[in-house]
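The values are calculated or read from the model by the stated rules, or taken from the named source; none is laboratory data. Source: prediction; values computed, not measured. We place every Cβ from the backbone using ideal geometry, glycine too, and count neighbours over all the protein chains shown.
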Amino acid sequence: MPKFSIVITTTRPYLVGDAIRSALAQDFEDFEVVVSDNSAEGCKEIVDGFKDQRIRYVRPSEILPLVPHWEFAFSHAEGDWQLLLCDDDAYAPNILSIIKQDIDAHPEIDTVSWKPAYWEAGNPSSADDFPRLNLPAFSGKRTVFSCRELVEEMFNSGIVMPTGLKKNLPIIPRSAFSKRILNKIRAAMNGKLFFPACPMTSSTLAALALSEKTLIIDLPLLVMSIPVESQAYLVSDQERVKAWAKTMEYRFTPIETILFPTAHLTETLLRTQNELSEQLGHLKLNWEEFFVALYQQLVIRAWNMQVDEGLANLDKALAKYPSSFQDAVHKRLSKLNAPTPWFQSLARTVLRRTLNAPARAYNVLSRNKYYRDQILDGRRNGLSNISDCTRMLGKISA
């Protein structure tokens, strides 16, 4: 069996070539690439064009929804450690050798994660919309976390993946899972690895619930691109959001709409808890934090949606709780002031400059060009496509 399986899922053949190319460019030899083709037009000719025996091409008998397709794709992987690579993303050329070194040093872990960078190709017809690589700050440190403590923090947060916690969770598009933990998840969840509405949340929580330790590598080893048609833009289209909401089955959360990005995370968290009651049944979601966070997201951030409709849905859900609970939530909300967009922009600028000042000083002293959060102009840094970005990450992480 190979040491690693890189599972590439694709619905867009015109994008998948870069993902495959980044997988085959690894400086570590013991791996396979499973390309699972879920596109209407098919991408077998593209795969065959690589003429590489490490690639295995698979295709379901019919076009599948996302979650069944992920299940199908991973059912064909044979590696001791398995990674999911979406068709619009790409790996640094040394990601497998880095992971191998860390899992050898920490045999107790079942998941290992890293940071992503984000590539925006820009609009070539607009002089103001230039290609850019959003590069996160990094230290190169390795940190082992207690899975139990991370799970407790997910429930205490009320919104599952707040920004600070999210960086430490083994989220499958930027993590490697051992075959051992994947088999444990299947055994505990009736043969499934993933649940809707958010398969990333379900697999993350299940892996944490069934293992002791997880490792975080504080390096950017993955480039995630943001094409216009990506799911990342889903929340900006209200009609698509409402159509998506009709396909979801909300059994555990009081919100009857998916107007809020965190609502479907929480639904998936609670559904996974129901399946893993032996490991997770003692935990309670912090519902007060849940409602306060949703109000904040809707009123302060707006999420490009109709605020009045969202507030009405939230009030309807909150009305199902005892008056004492409602009073506690409203008391918290009364202390929140929704700043104007102008003030928000000013606050973000001041905060960013304040946080970056020590990093800039560190850069000067250490001559480290890539330490703090940066937005790199692709034109000035020789970045014209995602492959250029992966080569840059390889140099950085080396």
Which of the helices (runs of 4 or more DSSP H) found entirely inside the stretch 132-200 contain at least 1 residues meeting this: under 16 Å from the mean Cα position of the chain (by Cα)?
147-157, 163-166
Suppose we keep only residues that are in contact with a helix residue (DSSP H, G or I) (Cβ under 7 Å, 6 or more places away or on another chain) and surrounded by fewer than 19 Cβ atoms within 10 Å (Cβ to Cβ) within the stretch 130-149. Which one would you say is nearest to Pro107 (Cα to Cα)?
Arg142
Give the residue, chosen from Asp102, Asp30, Asp87, that is within 24 Å of Ile226 (Cα to Cα) and charged (D, E, K, R).
Asp87
Would it be correct to say that Val67 is modelled with pLDDT of 95 or more and among the β-branched types (Val, Ile, Thr)?
no
What's the number of the only condition in (1) part of a loop (DSSP other than H, G, I, E, B); (2) surrounded by 16 or more Cβ atoms within 10 Å (Cβ to Cβ); (3) not charged (D, E, K, R) that Pro60 fails to meet?
(2)
Enumeration of residues in the stretch 48-85 that are farther than 19 Å from Gln26 by Cβ and in contact with a His (Cβ under 9 Å, 6 or more places away or on another chain):
Val58, Pro60, Ile63
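Condition check ((1) touching a Lys or Arg at 6+ places or on another chain (Cβ under 8 Å); (2) at pLDDT 90 or above; (3) farther than 22 Å from Ala90 by Cβ) across all residues:
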| site | (1), (2), (3) |
| --- | --- |
| Pro124 | no, no, no |
| Phe130 | yes, no, no |
| Leu150 | no, yes, yes |
| Asn156 | no, yes, yes |
| Gly191 | no, yes, yes |
Would it be correct to say that Asp102 is over 27 Å from Gln296 (Cα atoms), charged (D, E, K, R), touching a Lys or Arg at 6+ places or on another chain (Cβ under 7 Å) and part of a helix (DSSP H, G or I)?
yes
Of the numbered conditions (1) at pLDDT 95 or above; (2) buried (at least 22 other Cβ atoms within 10 Å of the Cβ); (3) of a type in the set (A, V, I, L, M), Ile98 fails exactly one; give the number of that condition.
(2)
Any idea which residue in the stretch 1-36 is farthest from Ser175 (Cα to Cα), counting only those that are among the acidic types (Asp, Glu) and in contact with a strand residue (DSSP E or B) (Cβ under 6 Å, 6 or more places away or on another chain)?
Asp18
Answer yes if at least one residue in the stretch 29-36 is modelled with pLDDT under 95 and more than 24 Å from Lys167 (Cβ to Cβ), and no otherwise.
yes
